[in-house]
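Q: Below is one structure. I have some questions about it.
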Amino acid sequence: MKPESEKYNKVLEILRKSKPLLNSTEDIENKVVARISRIPGSEITLTGIIDFMFGWVYIGWVRRSMIAASMVLVMVFIYQQSVVLKRINYLNRQIVIIEGETTTTPADEIERRIMIYKLSGRILPSNRLIISEKQLDQLLESVTELQGKYKDLLNLIQEDPELKNYIEKKLKETDHTGIKL
Amino acid sequence: MIDIKLIEECQGGNFDNFRKLVELTSPFAYSIAFRMLGEEDQAKDIVQETMVTIWQKIRKIKSAGGYKTWIYRIVVNKCYDHLRKKKRHPEYAVDEQTWALISNIISEGPSAELENRETSQIISLLTNRLSPKQKAVFILSEIEEMSGDEISEITGMHKSVIKANLHYARKNISEMI
């Protein structure tokens, strides 16, 4: 070993052995606590609030229970969604029968029903007649036109008592007593 | 050894627990600060500032091991700042008495422990010509006996830089002795 490194090691050895001693930590503790009490009072308050609200996350068993509860909720949610989806699919396959009503049904009502029929996009069984959207529109137009003409005809009959009597007489003769003007 | 439970309790904002943490942390923070700065009052100020910084950022601590490294990092960084400021106003004068003390240690060998004042005088004299980084590496490696990985983690320096600084510090101090 060189004399320089021997000297160096001797000095190091004594420096390592001589740990600086802190006589009393109390003074430092007091000063630190005094300083942190002055710093942002809001921070301490905020810390308190956060701890109050979310302090439970530091408790192991509460955290684990919450994880389990959230997993159960997620599973229930998934199950519910699958049931709802299944039900919607089932309803999608059902047929909504729009029964024809007498001609007194207003045109708006028919349009509404047809719209529902279109929107529902249902599938008809193979033995039923399937008509296109265009044909449906044509049917709707015809019904509306027919309703208009029928109303005009009724008005015409009501306005003319002679014509009304004649038609009623003819209806009796032809045994169509069920039709009322 | 610092208990992680104590740190967790301090994270909850409890002053009493933090007081306990200050009590446990201060000695080793003081040891580094004193060896780096060589003055008791300045070292105490650094410990105080370190503890205030810890209080402000304690929520970031995840493990007890990480806590100790973190403390060292804060202390060393604060000492750097202090030494940089001090370098602009150098106050140190060569002291014959300290040289006599060093000569005595070398001739008679290490015996009794030195007092704080003597330790500070020797370190200040030996590291007077070193930069703050070299001084930090010398103290952490040679006096605190930390590994290269630990010093790298504390100072943020690459291992090769640490080696280079340590080599320079050793050479410089050996020449002085």
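Q: Kindly provide the trypsin sites (Lys or Arg not before Pro) of region A:58-95 that DSSP labels as loop, not H, G, I, E or B, and whose Cβ sees at most 16 other Cβ atoms within 10 Å.
A: On the way: sites: A:Arg63, A:Arg64, A:Lys86, A:Arg87, A:Arg93; in loops: A:Arg93.
Sparse-neighbourhood loop trypsin sites (Lys or Arg not before Pro): A:Arg93.
Q: Just tell me how shielded B:143-150 is by partners: mean number of partner chain Cβ atoms within 10 Å of each residue's Cβ, no decimals.
A: On the way: counts 5, 2, 2, 0, 0, 0, 0, 0.
The per-residue average across the peptide is 1.
Q: Okay, moving on. When Cβ neighbours within 10 Å are restricted to other protein chains, what is their mean count per residue of peptide B:36-42? Let's see the in-between values first.
A: Details: counts 0, 0, 1, 0, 4, 0, 0.
Per-residue shielding by partner chains comes out at 1.
Q: Now, a different point. Among B:Ser120, A:Ser37, what is the fewest-to-most ranking by other Cβ atoms within 10 Å? Before the final figure, lay out the partial values.
A: Working: B:Ser120 21, A:Ser37 10.
The fewest-first ordering by Cβ neighbours comes to A:Ser37, B:Ser120.
Q: State, as an integer percentage, the relative contact order of chain B based on alpha-carbon contacts under 8 Å between residues 6 or more apart. Show your work: numbers first, answer last.
A: On the way: 138 pairs, mean separation 41.0, N = 177.
The value is 23 percent.
Q: Give me the compactness ratio for chain B, meaning the Cα radius of gyration over 2.2 N^0.38 Å. Intermediate results must be reported in sequence, preceding the final value.
A: Numbers: Rg = 17.4 Å, N = 177, 2.2 N^0.38 = 15.7 Å.
For chain B, the normalised Cα radius of gyration comes out at 1.10.
Q: How high is the relative contact order of region B:1-92? Use alpha-carbon pairs under 8 Å, at least six apart in sequence, and give a whole percent. All intermediate terms of the calculation are to be shown ahead of the outcome.
A: Working: 58 pairs, mean separation 29.3, N = 92.
Reported relative contact order: 32 percent.
Q: Counting other C-beta atoms within 10 Å, which of A:Met71, A:Met66 has the fewest, and how do the rest follow?
A: Details: A:Met71 10, A:Met66 13.
Sorted ascending by nearby Cβ count, the order is A:Met71, A:Met66.
Q: Okay, next question. If you fit an axis through the alpha-carbon atoms of helix B:40-57 and take the longest principal axis of the Cα set of chain B, what angle between them do you get, 0 to 90°, nearest 10?
A: 30 degrees
Q: Ranking B:Cys79, B:Cys10 by Cβ neighbours within 10 Å, fewest first, what do you get? Walk me through the numbers on the way to the answer.
A: Values: B:Cys79 25, B:Cys10 22.
Fewest to most other Cβ atoms nearby, the residues stand as B:Cys10, B:Cys79.
Q: If you don't mind, another one. Taking Cα atoms, how many degrees apart are the long axis of helix B:64-88 and the longest axis of chain B, rounded to 10 and kept between 0 and 90?
A: 50 degrees
Q: Something else about it: Using only Cα atoms and rounding to the nearest 10 degrees, what angle (0 to 90) does helix B:116-126 make with the longest principal axis of chain B?
A: 60 degrees
Q: Please grab the % of Cα pairs in region B:1-92 that end up more than 23 Å from each other. Walk me through the numbers on the way to the answer.
A: Values: 1023 of 4186 pairs.
Here the long-distance tail beyond 23 Å is 24 percent of all Cα pairs in region B:1-92.
Read-outs: derived from the displayed coordinates by stated rules, not from any lab. Quantities reported herein were computed from a predicted structural model and do not represent experimental measurements. With ideal geometry, Cβ positions are generated from the backbone for all residues, glycine too; neighbour counts draw on all protein chains shown.
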